[in-house]
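Below you'll find the structure, written out as structure tokens, and then a few comments.
The values are calculated or read from the model by the stated rules, or taken from the named source; none is laboratory data. Quantities reported herein were computed from a predicted structural model and do not represent experimental measurements. Neighbour counts are summed over all protein chains in view; Cβ atoms, including those assigned to glycine, are modelled from backbone coordinates with ideal geometry. Surface areas here come from the heavy atoms of the whole protein model, side chains and all, with no ligands, DNA or RNA. Shrake-Rupley method; radii C 1.70, N 1.55, O 1.52, S 1.80 Å.
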Amino acid sequence: MALLEIYDLTKKFGGLLAVDHVDFAINQGEILGLIGPNGAGKTTIFNMITGVYSPTAGEIYFQGERIARPPLTWRERLSTPSWWMSWLPIAPLQEKWDRVRILPPHEITERGIARTFQTIHLFNNLTVLENVMAGPHCRTQAGVLGAIFHPPAQQAEEAYIVGEAEHYLEFMQLSAYRDELACNLPYGHQRRLEIARALATRPSLLVLDEPAAGLNEQEGLELVALIREIRDSGITVLLIEHDMKVVMGICERIVVLDYGARIAVGTPDEVQANPRVVTAYLGEEEEEV
Amino acid sequence: MQFIQQLINGLTIGAFYSLVALGYTMVYGVLKLINFSHGDLFMWGAYLGLTGLNVLLALLPQAGAWAILPVVIIVMTTVALVGVLVERVAYRPLRTAGRLAPVISALGVAFILESLARNIYGASWKTYPTGITPTGRIALGGDARVSVMQIVVLAISFLIMGALYLFVQRTRTGTAMRAVSLDHDISRLMGIDVDRIIAIVFVIGPGLGGVAGMIVALYYGSFDFTLGWTFGLKAFIAAIMGGIGNIPGAMLGGMILGIIETLGAGYISPQWKDVIAYVILIIILIFRPTGLLGERMAEKL
Amino acid sequence: MENLLTRLRQVNPLRWQLGLIALAVLLPLPLGNYYRSVLWRTGLYIMLGLSLNIIVGYAGLFQLGHAAFYALGAYTAALLNLYLDVPLLLTLPASIIVAALFGYLITRPILHLQGDYLCIVTIAFGEVVRLVLVNNLFGITGGANGLSGIDRPALFGLDWRQPIYHYYLMLIFLVITIFIVQRLEHSRLGRAWMYVREDEVAAEAMGVDTTRVKLLAFVLGSGWAGLVGALYAGKITVISPDMSKFMESVIMFCIVVLGGTGSIPGIFVGTLGMITLPELFRPLKAWRDAWLGFAMVTMMILRPEGLWPSRRVRLEMRGAKEVSLPTPAMDD
């Protein structure tokens with residue numbers, strides 16, 4: 001079974017069809033590239049996978065569980081008994097409702113999908129360490145009472161959070177900047193910090209939105225090596241990227257989008273040889289000139 | 001025919017709300033700032049109108065209703081000047097300071113204006129000179145009556161609102177205003193003098209507010225220093241109901257709020273009319289935060 | 001100044017904290033009853049400021065209707081005391097629960113609103129509470145005159161008409177409040193608030209349940225304001241709907257924002273400026289609002305981060321790029 005399955009995914013913004021009946025699947029342990037010209041709908045798909053948007057039609061399954069579906073209309077809600085009773089703290093009812101409802105982003109992260117952003121979204125005025133400490137947040141549970149009374153469980157958790165954060169800083173070679181403010185890091189480091197933060201949520205699928213954007217050649221190469229290393233540690237990677245060198249270099253399979261629709265899927269060589277892909281890209285270049 | 005009567009009264013109050021709401025909505029449009037001081041500028045219109053009328057009627061006792069005209073003009077100019085001054089001193093230095101700082105600054109200005117009014121004029125209720133406003137009533141079908149004053153108020157309000165709408169839609173300055181409300185930087189790149197446009201907004205908004213203050217005081221006959229806050233908050237609710245930043249929305253919102261309030265006072269209880277207004281505001285914000293005429297904002301990361 | 005502060009930080013925190021508490025215990029002894037009452041009032045507003053600070057300072061949410069919860073707490077205590085003869089100190093938990101419950105119910109549906117809109121809804125809610133109390137809902141709230149004849153706390157057979165005992169009662173709760181607030185700030189929950197305040201989108205993507213975290217801020221802050229309301233009712237014994245006036249909410253908001261958003265010493269400074277000084281210069285009371293307004297405008301222009309801000313909020317308000325501080329071992 002594939003790790004992530006996308007069926008017939010569609011998203012409309014008003015009259016604009018941003019994603020047009022896209023299907024694809026990500027297998028356990030692979031690096032899948034999602035490419036396409038500007039405005040092809042890549043980031044929209046990302047946002048649907050991570051729960052920021054709900055699809056207009058179609059479904060996404062992660063580890064066999066449905067994580068995205070079109071939102072219930074009011075009529076559907078009213079005719080769904082589990083919606084009426086979802087506020088009752090009764091486990092079977094809650095489970096039933098869980099199968100119908102839309103998951104918010106934080107629950108999708110909890111289920112094991114972590115992401116980075118196209119435009120960097122770091123906690124700018126917090127230190128590098130504090131940024132990464134956001135990752136283990138969803139793996140821990142101390143609440144108000146824990147905060148006030150500091151029971152042993154809470155203390156162990158705090159130690160765990162710091163340990164995890166330090167581990168991933170080490171992994172992304174950022175330990176030296178532990179106590180710097182995130183906004184004072186150079187751009188390339190900020191990108192790596194975002195990945196470190198995502199890894200600290202302990203995902204099974206890491207979704208990277210143009211991680212190489214704005215990096216120079218050297219940094220790009222380092223990034224490729226890092227992504228490989230992440231994959232080798234057992235994490236599946238989905239990658240949106242413009243930089244063809246990066247994509248062709250590390251992706252085992254590539255999905256190509258154009259105008260919201262999937263126009264090709266296959267290994268880098270297959271995709272490069274596909275005439276539709278060539279037109280999509282060359283056509284775009286002509287327009288840009 | 002109590003219903004029609006209530007409707008007419010509601011429409012009149014609604015017209016006041018609309019006039020004040022325009023000031024809120026225009027400032028929000030160009031600065032994305034809740035101008036808390038607007039209600040107090042409006043109240044100052046009422047106080048200045050009172051002083052102006054008293055002075056004029058003392059000098060020219062036979063002027064009668066004609067005294068209103070020059071006083072309106074003076075009030076409008078003075079309040080507009082104060083508005084521009086407030087913008088220059090309290091808001092412009094904070095243009096780049098994020099969202100919180102200007103709001104607090106606006107609240108601060110509101111307190112200064114209110115405290116000044118209370119200390120200068122005293123906390124007691126003030127009464128406008130009587131006998132200068134038209135008093136006749138025209139009978140409609142049944143028991144419903146519309147007073148001449150109501151007709152005058154409605155006519156003036158619609159005239160002002162129509163003129164403002166045309167100004168914003170048809171003139172170059174109006175177009176520039178709409179551009180500034182979308183994006184300051186791009187407007188500047190397009191050669192629009194953003195500071196000037198904002199200053200114009202702070203002339204028109206408080207100017208209208210000042211006039212509205214005087215009309216309201218003339219209509220009711222008496223008021224006190226809490227007028228600015230109570231009326232201002234209602235007008236702001238009207239602006240939100242219509243979709244803040246949207247000029248026709250402010251007019252519509254004001255009318256609807258006025259009518260709902262009067263009907264609520266008539267059919268439920270006058271004590272609860274303010275509560276009804278606030279609850280409606282909360283409900284609108286829960287289900288349609290952009291207001292009745294506001295566009296749905298596209299979510300974008 | 002900065003040097004002195006860093007040196008103070010290196011002193012064992014327990015030692016200077018105990019020193020401050022000792023000072024607070026001794027402070028009212030040489031003073032007359034009037035000044036003891038002023039101190040008591042200052043303490044109450046510090047607690048209100050600290051409770052609002054959870055919402056405004058930590059979670060970064062606008063709340064301009066905080067006084068409503070203060071009033072709800074006071075009315076809960078008064079009603080229980082007057083109608084059911086519950087001793088005042090035993091009504092405190094009920095006050096917390098009622099205020100927190102209202103905090104939950106009112107903010108649950110509006111959490112998705114952004115800054116300005118949230119601020120307006122909280123104002124409207126404060127006004128609704130005041131008007132409902134004025135309109136004498138169910139005929140038990142006493143209308144515009146409020147409720148009177150509330151029992152003072154009864155404990156150890158002391159004469160609770162003396163302000164000094166109220167001061168010490170307040171002090172106990174103040175110390176508890178500061179302890180709790182500090183623990184909250186440096187906890188998993190406190191960090192979650194920080195993440196939400198800094199970047200809600202990123203926080204959510206990191207698995208922070210932003211709705212829950214924001215709700216918790218509102219519930220904790222409102223509940224604590226309810227407790228303060230009950231303490232107020234226990235000394236003054238007369239309460240009125242004016243407790244939920246917009247002006248009260250603004251004063252609390254200014255205590256937090258002008259004192260220094262997110263910082264505990266800032267709340268002390270803010271309360272001194274907003275409550276204690278106007279109280280001591282009574283003749284100027286007519287001009288208090290004008291002075292308040294003037295302070296708000298000038299502060300926002302000259303020092304938007306407040307008089308004694310937390311390091312972080314200063315960075316946020318100033319735009320962080322130019323300062324790069326190594327993190328001190330102990331945060332503000």
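Here are a few things to note about the model shown:
- Helical content alone sets the calculated 222 nm signal of the protein assembly as shown at -19500 deg cm²/dmol, taking -39,500 (n - 2.57) per DSSP H segment of four or more residues and averaging over every residue.
- Dipole of the protein assembly as shown [Lys/Arg +1, Asp/Glu -1 at C-beta], most positive-end residue of A:GLY260, B:ALA155, A:MET172: B:ALA155
- For B:90-101, mean number of other protein chain Cβ atoms within 10 Å: 5
- Each residue of segment C:78-84 was assigned a 3J(HN,Hα) from its phi angle through the Karplus curve 6.51 cos²θ - 1.76 cosθ + 1.60 (θ = phi - 60°); the sequence is 5, 5, 4, 5, 6, 8, 10 Hz, with glycine and proline shown as x.
- Averaged over B:280-290, number of beta-carbon atoms from partner chains that fall within 10 Å: 4
- Per residue, the protein assembly as shown exposes 42 Å² of solvent-accessible protein surface, assessed with a 1.4 angstrom probe and all protein chains in place.
- Within a Gaussian network of chain A (alpha carbon springs, distance under 10 Å), most fluctuating of A:SER54, A:SER204, A:SER79: A:SER79
- Interface area, C with B, accessible, probe 1.4 Å, both sides summed, Å² nearest 100: 3600
- Neighbouring Cβ atoms from other chains, within 10 Å of the Cβ of residues in A:119-130, number 6 on average.
- For the pair B:ASN54 and C:ALA154, a Förster radius of 56 Å applied to the C-beta separation gives a FRET efficiency near 0.45, rounded to the nearest 0.05.
- Theoretical FRET efficiency, 1/(1+(r/R0)^6), r = Cβ-Cβ of C:ARG108 and A:ASP269, R0 56 Å, to 0.05: 0.55
- Ratio Rg/Rh, restricted to segment A:122-202 and using Cα atoms, in which Rh is the Kirkwood radius: 1.02
- Site pair A:ASP98 and B:LYS32 shows an inter-label distance of 3.9 nm when each label is modelled 7 Å from Cα along Cα→Cβ.
- Highest-MSF residue in chain A out of A:GLY29, A:GLY15, A:GLY64 [GNM, Cα springs under 10 Å]: A:GLY15
- Kirkwood Rh in Å, taken over chain C so that all alpha-carbon pairs contribute: 20.5
- Rounded to the nearest Hz, the phi-derived 3J(HN,Hα) couplings of segment C:294-301 under the Karplus curve 6.51 cos²θ - 1.76 cosθ + 1.60 (θ = phi - 60°) are 4, 4, 4, 5, 5, 4, 5, 7, where x marks glycine and proline.
- Long-range amide H partners of B:ARG145 with built H, under 5 Å: B:LEU140
- Comparing A:LYS11, A:LYS96, A:LYS245 in a Gaussian network model of chain A, where Cα atoms under 10 Å apart are tied by springs, the biggest mean-square fluctuation is seen for A:LYS96.
- Oblate is the label for segment B:1-142. Its Cα gyration tensor axes, ordered a ≥ b ≥ c, give a/c of at least 1.5 and b/c at or above a/b.
- For segment C:118-129, putting each phi into the Karplus relation 6.51 cos²θ - 1.76 cosθ + 1.60 with θ = phi - 60° gives couplings of 4, 4, 5, 5, 5, 4, 4, 5, x, 5, 4, 4 Hz, in residue order, rounded to whole numbers and with x for Gly and Pro.
- Most to least packed among A:150-158, C:249-257 [average Cβ atoms within 10 Å]: C:249-257, A:150-158
- Between segment C:14-39 and segment B:91-118, the alpha-carbon center distance in angstrom: 35
- Extending 7 Å from Cα along the Cβ direction at A:HIS21 and again at A:TYR187 yields two label points whose distance is 4.0 nm.
- Span-like helix check, chain B: qualifying full DSSP H segments, with Cα axial length of 18 Å or more and mean Kyte-Doolittle of 0.0 or more, are B:2-31, B:38-59, B:68-86, B:100-121, B:148-170, B:194-220, B:227-242, B:247-267, B:273-287.
- Whole-number D in µm²/s for chain B (Stokes-Einstein; Kirkwood sum over Cα pairs; 10 °C, 1.306 mPa s): 80
- Charge-dipole axis of the protein assembly as shown as Lys and Arg at +1 and Asp and Glu at -1 on Cβ define it, positive-most pick from A:TRP74, A:PHE123, C:GLY126: C:GLY126
- Label-point separation, B:ILE286 to B:ALA65 (7 Å along Cα→Cβ), nm: 4.7
- Computed log10 I(q)/I(0) for the protein assembly as shown at 0.06, 0.09, 0.10, 0.11 Å⁻¹: -0.49, -1.07, -1.27, -1.43, from the Debye equation with unit scatterers placed on every C-alpha and solvent omitted.
- Amide H contacts under 5 Å for A:ASN27, placed H, 5+ residues apart: A:LEU3
- Across the cross-link table entries B:LYS126/B:LYS273; B:LYS234/B:LYS273; B:LYS234/C:LYS214, which are compared at the Cα atoms, the separations over 22 Å belong to B:LYS126/B:LYS273; B:LYS234/C:LYS214.
- Förster-model FRET efficiency, 22 Å R0, B:GLN271 and C:LEU101, C-beta, rounded to 0.05: 0.30
- Amide H contacts of A:ARG115: A:VAL207, each under 5 Å away and 5 or more positions distant or on a separate chain (H built 1.01 Å from N in the peptide plane; Pro and chain starts excluded).
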